[in-house]
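Novice: Next up is a structure, given as structure tokens.
The values are calculated or read from the model by the stated rules, or taken from the named source; none is laboratory data. Nothing here was measured: the structure is a model prediction, and the numbers come from that model. Glycine also receives a Cβ, built like all others from the backbone with ideal geometry; neighbour counts cover every protein chain displayed. For accessibility, only protein heavy atoms count, side chains too; no ligands or nucleic acids. Shrake-Rupley method; radii C 1.70, N 1.55, O 1.52, S 1.80 Å.
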Amino acid sequence: MSTAHRDPWLLTPGPLTTSAETKQAMLHDWGSRDATFIETNARVRRSLLKIANAEATHVCVPVQGSGTFAVEATLGTLIPKDGKALILINGAYGQRMIKILKYAGRASATYETAEDTPPDPKHLDALLSNDKAITHVLAVHCETTSGILNPIEAIAEVCAKHGKSLIVDAMSAFGAIALDATKVQYDAIMASSNKCLEGVPGMGFALIRKSVLEGCKGNAHALSLDLYDQWVAMEKNAQWRFTPPTHVIVAFDSAIQQFFAAGGITERYRRYKENRDLLISGMRALGFETLLPDHLQAPIIVTFKMPEDSKFDFEVFYDRLKDQGYVIYPGKLTVAPSFRIGCIGAIGTEQINGALRVIESVIQDMGVRDGRPAAA
Ligand SMILES: *Cc1c(COP(=O)(O)O)cnc(C)c1O
């Protein structure tokens, strides 16, 4: 996090700012059969299981591509052709799972709440009692659309009670918000290299209950997304079926080692929470309001309502922040016009304070009175 850093700071949900050490790890070429690379790949898979305390129950299956590839691969591999999934939705990533199941030709039902409202486990309980055809429940841990933290522990309890298989898109929370497999019962969680573990983009992975994956042969709707086949092949010869993203994996290995050396999930959560709290208090001092009440706000990304002042122009605001070294993110909400600022990546209070100073001076230059949104 040196001041000689000349790339803009990415206050986004990924790709994120990575450390110099992580970038440096990529300055070599590896053959996919190279023994060092094979050992690195095995270490990454073991480490990911360790982060979730899932070594005894789950296996780690990586897949090339962005996070969505891992979600699509996991759903297609785990949900059989005659299965039916109930999708809990309160944002774009829940919506995306409907689309994925449509492409895969799997039956689905949905339980949708507003983007600022978590699902109610009692209602889930009733839905599962009423529709016996449901085999799987799909949930998003932190819905990055708003930054809301969904109650996975309570959802998992209801699923366990009904004997349903729970699959969690933990993409934007994995490594920062614990989802301990010895405490929370899930059959699979998915995440990617470029979110809270601060690697570079290019691979996703799923931690899948071994006893469940063993029964998934022939389920997948696409060869390249067949995680059963990927797993069996990787167990057999320690290699990826198709060209592995070698540089991404080696950078991810470095990022994960830095993660453990810094104090693991406890420390990552602490740093992101510190970033979030500083960001929110600084923005509130400028009149901005968050979409979410504090108790629903995950330490991942914060949604701010668009200011009411007619002199505020988001495009201008965004461009000026970027010119001064800070990249923020547009909103993706349907409930209210908004923009987002991320708390994750190789950044700390120095960068959040820097962003706040720039935001204050940019809105002053724009002639904006303050960040207050229109009354609801
Ligand atoms: C980032 C993210 C994904 C994956 O998005 P990609 O653009 O494919 O990497 C999926 N779910 C959630 C909740 C995410 O934050």
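Novice: Write out the trypsin sites (Lys or Arg not before Pro) in the stretch 49-122 meeting two conditions: DSSP loop, and at most 16 other Cβ atoms within 10 Å of their Cβ. Write out the running numbers ahead of the final one.
Specialist: Values: sites: Lys50, Lys81, Lys84, Arg96, Lys99, Lys102, Arg106, Lys122; in loops: Lys81, Arg106.
Sites meeting the loop and neighbour criteria: Lys81.
Novice: Also, quick follow-up: Per the Kirkwood definition applied to all pairs of different Cα atoms, how many angstroms is the hydrodynamic radius of the stretch 1-123?
Specialist: Working: mean 1/r = 0.0545 Å⁻¹.
About 18.4 Å for the stretch 1-123.
Novice: I've got another one for you. Whose amide H sits under 5 Å from the amide H of Ile87, counting only residues 5 or more places off or on another chain, with H placed in the peptide plane?
Specialist: Amide H neighbours of Ile87: Ala109, Thr110, Tyr111, Leu138.
Novice: Pulled fully out, how much extra length does the chain show between Asn237 and Arg372, if you take 0.36 nm times their separation in residues and subtract their Cα-Cα distance? All intermediate terms of the calculation are to be shown ahead of the outcome.
Specialist: On the way: separation 135, 0.36 × 135 = 48.60 nm, distance 5.85 nm.
Extra length from Asn237 to Arg372 when fully extended: 42.7 nm.
Novice: Let me see the P(r) profile for the stretch 168-294: every Cα-Cα distance counted, bins of 10 Å, each bin given as a percent of all pairs.
Specialist: Final binned percentages: 11, 31, 33, 16, 7, 2.
Novice: Could you give the alpha-carbon Rg of the chain over 2.2 N^0.38 Å, rounded to two decimals?
Specialist: For the chain, the normalised Cα radius of gyration comes out at 1.00.
Novice: Helix 121-130 versus the longest principal axis of the chain: what is the Cα-based angle in degrees, 0 to 90, to the nearest 10?
Specialist: Taking Cα atoms only, the helix is inclined about 40 degrees.
Novice: Rounded to the nearest 20 debye, what is the charge dipole size of the stretch 20-261 about its Cα centre when +1 sits on each Lys and Arg Cβ and -1 on each Asp and Glu Cβ? Walk me through the numbers before you get to the answer.
Specialist: Details: 23 positive and 25 negative charges, 114 e Å.
With only Lys, Arg, Asp and Glu charged at Cβ, the dipole is about 540 debye.
Novice: Enumerate the calculated ³J(HN,Hα) couplings along the stretch 210-225 in order (Karplus 6.51 cos²θ - 1.76 cosθ + 1.60, θ = phi - 60°), each rounded to whole Hz, writing x wherever the residue is Gly or Pro.
Specialist: Values per residue, Gly and Pro as x: 4, 5, 7, 4, 4, x, 9, 4, x, 6, 4, 9, 8, 4, 6, 9 Hz.
Novice: I need the phi-derived Karplus couplings for the stretch 188-203: 6.51 cos²θ - 1.76 cosθ + 1.60, θ = phi - 60°, integer Hz, Gly and Pro marked x.
Specialist: 7, 10, 10, 8, 9, 5, 10, 10, 5, 8, 6, x, 8, x, x, 9
Novice: Which distance in nm do the two modelled labels at Asp319 and Ala20 give, with both placed 7 Å along the Cα-to-Cβ direction?
Specialist: Placing both labels 7 Å along Cα→Cβ, they lie 3.3 nm apart.
Novice: Continuing with the same structure: Karplus couplings for the stretch 145-157 from phi (6.51 cos²θ - 1.76 cosθ + 1.60, θ = phi - 60°), rounded to Hz, Gly and Pro as x?
Specialist: 3, 10, x, 6, 9, 8, x, 4, 4, 5, 4, 4, 5
Novice: Can I ask one more? Find the centroid of the Cα atoms in the stretch 188-217 and in the stretch 38-57, then give the distance between the two in whole Å.
Specialist: So the two Cα centres are separated by 11 Å.
Novice: Please list, by residue number, every one of the trypsin sites (Lys or Arg not before Pro) in the stretch 174-252 that is coil in DSSP and has at most 10 other beta-carbon atoms within 10 Å.
Specialist: Numbers: sites: Lys183, Lys195, Arg209, Lys210, Lys217, Lys236, Arg241; in loops: Lys183, Lys195, Lys217, Arg241.
Qualifying residues, ordered by number: Lys183.
Novice: Would you mind checking Lys195/Lys332; Lys161/Lys273; Lys102/Lys305; Lys99/Lys164; Lys122/Lys217 for any pair whose Cα atoms are more than 28 angstrom apart?
Specialist: Values: Lys195/Lys332 18 Å; Lys161/Lys273 32 Å; Lys102/Lys305 33 Å; Lys99/Lys164 21 Å; Lys122/Lys217 34 Å.
Checking Cα-Cα distances, Lys161/Lys273; Lys102/Lys305; Lys122/Lys217 exceed 28 Å.
Novice: Hey, can you find the accessible area per residue of the chain for me, probe 1.4 Å, expressed in square angstrom?
Specialist: On the way: 15650 Å² over 376 residues.
With all protein chains present, the chain gives 42 Å² per residue.
Novice: So which trypsin sites (Lys or Arg not before Pro) in the stretch 275-357 are both in a DSSP loop and have at most 12 other Cβ atoms within 10 Å of their Cβ?
Specialist: Lys311
Novice: On to the next question. Among Ala56, Pro119, Gly105, which residue has its Cα positioned farthest towards the positive end of the charge dipole of the stretch 20-261, with +1 placed on the Cβ of Lys and Arg, -1 on the Cβ of Asp and Glu, and the dipole taken about the Cα centre?
Specialist: Farthest along the dipole direction, towards plus: Gly105.
Novice: Round to a whole number: what % of the accessible area of the stretch 79-127 belongs to carbon and sulfur, probe 1.4 Å?
Specialist: Numbers: 1220 of 2280 Å².
Percent of accessible area from carbon and sulfur atoms in the stretch 79-127: 53.
Novice: Moving on. DSSP beta bridges in the chain, what fraction antiparallel, as a percent rounded to 5? Spell out each step's value before the answer.
Specialist: Details: 24 of 43 bridges.
Around 55 percent of the beta bridges assigned by DSSP in the chain are antiparallel ones.
Novice: Considering only Leu11, Phe69, Met26, whose Cα is most displaced toward the positive end of the charge dipole of the stretch 1-124, charges sitting on Cβ of Lys, Arg (+1) and Asp, Glu (-1)?
Specialist: Toward the positive end, the furthest listed residue is Phe69.
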